[in-house]
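**Q** Starting off with a structure, shown below.
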Amino acid sequence: MIRNQTTIVLAIAAVAAFAFACSGSKPSTTPSQSAQSQKTQVPEAPTALPNTAFKAEISLVDPPAKLRAGQKETVRVKIKNASNEIWWARGAPVNTRSDNRFYIAAGDRWLKADGSLMTDMDGRYGIGKDLKPGEETEVPLAITAPKDPGEYTLEVDLLQEQVAWFREKGSPTAKAKVTVTK
């Protein structure tokens, strides 16, 4: 008799669980879950990242130690989203603008031996895919060595086109010392 009662109780519990699952009711969310879902809302139109999203971990994979003056080279850049926000590669899932505004790209600049700026308009390469917090990607970045021989620093950073460089918002850059010869 106890066995039959146990079986009946289990059957009732299974039916109740099945009915609840089929009812379409959603379990309640905690405040932190609610906040997280608000952060990951899909923007309706391309937009600038919030200041808290300008956090990246950038590294150069086997950067060149020596280049000839004016030499063109491709470096591999490893990028990690170190923020708590999604980086939309084009500022939103769809961006029909013709000016690339809001796209996220890797870019480089050359610094002289004393740290002063040589040029900040060298290569650019878009990240190619949206990156959730903690996700990584690697992109090829075409660079051109300075025309004059000497000691330089190649500095690679991310930027959101026509918005800001990540370094301007406090994010670290990747740097490599490069000797430029004739």
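The values are calculated or read from the model by the stated rules, or taken from the named source; none is laboratory data. Keep in mind that this is a model prediction, so the values were computed, not measured. Quick reminder, even Gly has a Cβ in these numbers, built from the backbone with ideal geometry, and neighbours come from all protein chains shown.
**Q** Show me the strands (runs of 3 or more DSSP E) entirely contained within the stretch 1-115 in which 3 or more residues are modelled with pLDDT of 95 or more and surrounded by fewer than 18 Cβ atoms within 10 Å (Cβ to Cβ).
**A** Answer list for the stretch 1-115: 56-61, 72-81.
**Q** Among the residues of the stretch 138-154, count how many are in a loop (DSSP other than H, G, I, E, B) and surrounded by 19 or more Cβ atoms within 10 Å (Cβ to Cβ).
**A** Summing the residues that are in a loop (DSSP other than H, G, I, E, B) and surrounded by 19 or more Cβ atoms within 10 Å (Cβ to Cβ) in the stretch 138-154 gives 2.
**Q** Related question: Could you go through the stretch 169-182 and let me know if any residue there is in a strand (DSSP E or B) and either under 25 Å from SER98 (Cα atoms) or of a type in the set (Phe, Trp, Tyr) (or both).
**A** For the stretch 169-182, residues in a strand (DSSP E or B) and either under 25 Å from SER98 (Cα atoms) or of a type in the set (Phe, Trp, Tyr) (or both): absent.
**Q** Within the stretch 61-111, work out how many residues are of a type in the set (S, T, N, Q) and in contact (Cβ under 8 Å) with a residue 60 or more places away in the chain.
**A** Residues flagged as of a type in the set (S, T, N, Q) and in contact (Cβ under 8 Å) with a residue 60 or more places away in the chain within the stretch 61-111 amount to 3.
**Q** Considering only the stretch 126-137, I want to know if a residue exists there that is at pLDDT below 95 and assigned to a loop (DSSP other than H, G, I, E, B).
**A** Within the stretch 126-137, one or more residues are at pLDDT below 95 and assigned to a loop (DSSP other than H, G, I, E, B).
**Q** Tally time: how many residues in the stretch 48-81 are among the small types (Gly, Ala, Ser), over 16 Å from THR144 (Cα atoms) and in contact with a Lys or Arg (Cβ under 8 Å, 6 or more places away or on another chain)?
**A** Of the residues in the stretch 48-81, 2 are among the small types (Gly, Ala, Ser), over 16 Å from THR144 (Cα atoms) and in contact with a Lys or Arg (Cβ under 8 Å, 6 or more places away or on another chain).
**Q** When the residues of the stretch 129-167 are narrowed to those that are among the acidic types (Asp, Glu) and touching a residue at least 40 places away in the same chain (Cβ under 8 Å), which ends up farthest from PRO93 (Cα to Cα)?
**A** Within the stretch 129-167, the match that is farthest from PRO93 (Cα to Cα) is ASP148.
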